[in-house]
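Step one of this worksheet: look at the structure below.
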Amino acid sequence: MFTGIVEELGEIVRLTGGEGGDSAVIAVRGPLVTSDAGHGDSIAVNGVCLTVIDNEGGIFTADVMGETLRRSSLGALQVGSQVNLERAAALNSRLGGHLVQGHVDGVARIIAREPADQWEVVRFSLPAELAKYVVHKGSITVDGVSLTVMEVTADSFAVGMIPATSKLTVLGSKAIGDPVNLEVDVIAKYVEKMLGSRNV
């Protein structure tokens, strides 16, 4: 479980397999998140929960299954790509964002960036199958970043991005058309399932 508060920007330093393949192995440089990481620990990479298989010299290695490559933007990563990194939340820590599983629900694309005085409005496409879970003022995870929805339409949603978010995450450098991983609020999915099972 994660909170959607990115701890550091990492960098892909090695990559085998990947786009079009059935699996990949990635090596990511992240001195902070690897400082206490051991074999089997979880680290979110652009919002995707991955399991550490090796950690040495500030670089961790993780296997990525074909299903993950198909359902997320990780298959498009290249050596040198920057990625958002977050260690799994500790039970005694503050919940700075919202409950994030690291299980990507879909991939969206940036469709507009509108600068404002002290922040920026960023609009993303919204896959039709996820639209029912995205609500005004609700939480959504974009590339592992916990954000608040400020506007939603049938096929898009917008968030307000403060300078710190732009500076400290990959969202600040992404361009129009770039893919991003989405994870909707898991509570909404549980509510849907419980209500759907009721006999009315």
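The values are calculated or read from the model by the stated rules, or taken from the named source; none is laboratory data. Computed from a predicted model, the values in this text were never measured in an experiment. Note: ideal-geometry Cβ built from the backbone for every residue, glycine included; neighbour counts use all protein chains shown. Just the protein is used for accessible areas: all its heavy atoms, side chains included, with ligands, DNA and RNA removed. Shrake-Rupley method; radii C 1.70, N 1.55, O 1.52, S 1.80 Å.
Structure notes:
- Hits in region 176-200 (condition: open to solvent by less than 50 Å² (accessible area, probe 1.4 Å) and at pLDDT 95 or above): GLY177, PRO179, VAL180, ASN181, LEU182, GLU183, VAL184
- The residues listed here are VAL100, VAL28; of these, the one that is modelled with pLDDT under 95, among the hydrophobic types (A, V, I, L, M, F, W, C) and touching a Phe, Trp or Tyr at 6+ places or on another chain (Cβ under 7 Å) is VAL100.
- Strands (runs of 3 or more DSSP E) wholly inside region 1-73 that include at least 2 residues being surrounded by fewer than 20 Cβ atoms within 10 Å (Cβ to Cβ), touching a residue at least 24 places away in the same chain (Cβ under 8 Å) and not charged (D, E, K, R): 8-17, 23-29, 59-65
- Unmet requirement for LEU85, which otherwise passes all of (1) free of Cβ contacts under 8 Å to residues at least 12 places away in the same chain; (2) assigned to a strand (DSSP E or B): (1)
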